[in-house]
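Below is one structure, written out as structure tokens; the observations come after it.
The values are calculated or read from the model by the stated rules, or taken from the named source; none is laboratory data. Everything numeric in this text was worked out from a predicted model, so none of it was measured. Note: ideal-geometry Cβ built from the backbone for every residue, glycine included; neighbour counts use all protein chains shown. Heavy atoms of the whole protein, side chains included, go into the accessibility calculation; ligands, DNA and RNA do not. Shrake-Rupley method; radii C 1.70, N 1.55, O 1.52, S 1.80 Å.
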Amino acid sequence: MKKLFILVGVLLIAASTTTAQEQNLEQVLDKFYKANGIDKLQNVKSVIMTGTITTWVIMPVKVYKVRPNKFRQEKDNADITGLTVFDGQSGWFTAPWSKNPNPQVIPEANLGDIKILADFDGLFYNWKEKGYNLELVGLEKLGDWDVYRIKVTRSDNVVEYYLIDSKTFLIQKKVGIRNIRGKDYKVDFTFSDYRSVEGIMFPFDIMNNSEGQASSAETQYETIELNQPVDDNLFVMPTK
């Protein structure tokens, strides 16, 4: 009888593993949408996130996102605010602590990452219509977790890999390569401290340990507010 129980246990584990491995891309994404509250996100028009970015210093940060694809990040360094903005069509930034404190246009070739950040519904939602290619690579280990690895080839031909927890279906990690000043560097983002905000899951902690940086960068959000009014002028590049 004891051997029978052991055999049944082994078969159940094997069946569970096989079921996880047999998930196809559509099934994984469907569970991802449900876990993250994508249906509720459709009713959200704006997101305001406030927190800090910690490198060798702690910098207050505030992020505005407005549907469908407007993005503004305010980052304070020694009480001086730098901006990174995408107005839905083009991007611009300011770095007052640099030699050129005036607003500067972000070249089209460098807009890929900010467009992803500005995508209100996220990269996975309607991915075909956005010109992306997704491939479910398989199931693997990330520490103690089983994760699905999804290969994403973006419309700008940048390749990234997203690791999605097989139980929670939340993104645990994003990895890829970025070419910075002619040299390729690995980029590595870890997402944690997920919390529900009106039924939508947000990571309140994002760690970037990418190569080519003087130190790691950890973004920790204290508040995330939905459907608050946002002045459209925040996304307009100043003329002076």
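Would you mind calculating the gained length between LYS40 and ASN227 on full extension (0.36 nm times residue separation, minus the Cα-Cα distance), in nm to one decimal? Show your work: numbers first, answer last.
On the way: separation 187, 0.36 × 187 = 67.32 nm, distance 1.20 nm.
Extra length from LYS40 to ASN227 when fully extended: 66.1 nm.
What nm distance separates the two modelled labels at GLU108 and TRP56, each placed 7 Å from Cα along Cα→Cβ?
Spacing of the two 7 Å Cα→Cβ label points: 3.7 nm.
For labels at SER216 and THR81 in the simple 7 Å Cα→Cβ model, what's the distance in nm?
3.0 nm
Using the crude model of +1 on Lys and Arg Cβ and -1 on Asp and Glu Cβ, and no other charge, please compute the dipole size for segment 45-110 relative to its Cα centre, in debye to 20.
260 debye
Step through the table entries LYS62/LYS141; LYS130/LYS173; LYS62/LYS167; LYS31/LYS183; LYS75/LYS128, compare each Cα-Cα distance with 28 Å, and write down the pairs that go over it. Could the numbers behind the result be given before it?
Values: LYS62/LYS141 34 Å; LYS130/LYS173 22 Å; LYS62/LYS167 31 Å; LYS31/LYS183 37 Å; LYS75/LYS128 33 Å.
Too far apart for the 28 Å limit: LYS62/LYS141; LYS62/LYS167; LYS31/LYS183; LYS75/LYS128.
Please report, as a whole percent, how much of the solvent-accessible surface of segment 59-196 comes from carbon and sulfur atoms (probe radius 1.4 Å).
48 percent
How large is the dipole of the chain about the Cα centre if only Lys and Arg carry +1 and Asp and Glu carry -1, each at its Cβ, rounded to the nearest 20 debye?
Dipole size: approximately 320 debye.
Please report, for the Cα atoms of segment 30-159, the Rg to one decimal and the Dmax as a whole number; what are they, in angstrom?
So, for segment 30-159, Rg and Dmax equal 17.2, 48 Å respectively.
Of the options ASN24, ASN102, LEU170, report the single residue whose Cα projects farthest towards the positive end of the charge dipole of the chain (beta-carbon charges: Lys, Arg +1; Asp, Glu -1).
Of the candidates, ASN24 comes out farthest on the positive side.
Of [x] 20.3, 82; [y] 21.7, 72; [z] 17.7, 57, which one was derived for Rg and Dmax of the Cα atoms in Å from the structure shown?
Label of the calculated value: [x].
State whether segment 64-109 is rounded, prolate or oblate according to the following rule on the C-alpha gyration tensor (a ≥ b ≥ c being the square roots of its eigenvalues): a/c under 1.5 gives rounded; otherwise a/b larger than b/c gives prolate, and the remaining case gives oblate.
Values: a/c = 3.88, a/b = 1.47, b/c = 2.64.
Oblate.
Would you look at the GNM of the chain, springs on alpha carbons closer than 10 Å, and say which of ASP121, ASP205, ASP39 moves the most?
Sorting by GNM fluctuation, first place goes to ASP39.
Counting only heavy atoms of protein chains, what accessible area per residue, in Å², does the chain have with a probe of 1.4 Å?
Details: 14050 Å² over 240 residues.
Value for the chain: 59 Å² per residue.
Looking only at LYS70, LYS183, LYS34, which one moves most when the chain is put into a Gaussian network model with springs between Cα atoms under 10 Å?
Of LYS70, LYS183, LYS34, the most mobile in the Gaussian network model is LYS183.
Using Cα springs under 10 Å in a Gaussian network model of the chain, which residue among ILE58, ILE150, ILE80 shows the largest mean-square fluctuation?
Between ILE58, ILE150, ILE80, it is ILE80 that shows the largest mean-square fluctuation.
Please label the shape of segment 97-160 as rounded, prolate or oblate, based on the square roots a ≥ b ≥ c of the eigenvalues of the alpha-carbon gyration tensor (a/c under 1.5 means rounded; beyond that, a/b larger than b/c means prolate, else oblate).
Working: a/c = 2.94, a/b = 1.84, b/c = 1.60.
Here segment 97-160 falls in the prolate category.
Shape verdict for segment 45-85, please, from the Cα gyration tensor: rounded (a/c under 1.5), prolate (a/b greater than b/c) or oblate.
prolate
So how tilted is helix 25-36 from the main axis of the chain? Cα-based, degrees 0 to 90, rounded to 10.
With both axes taken from Cα atoms, the answer is about 60 degrees.
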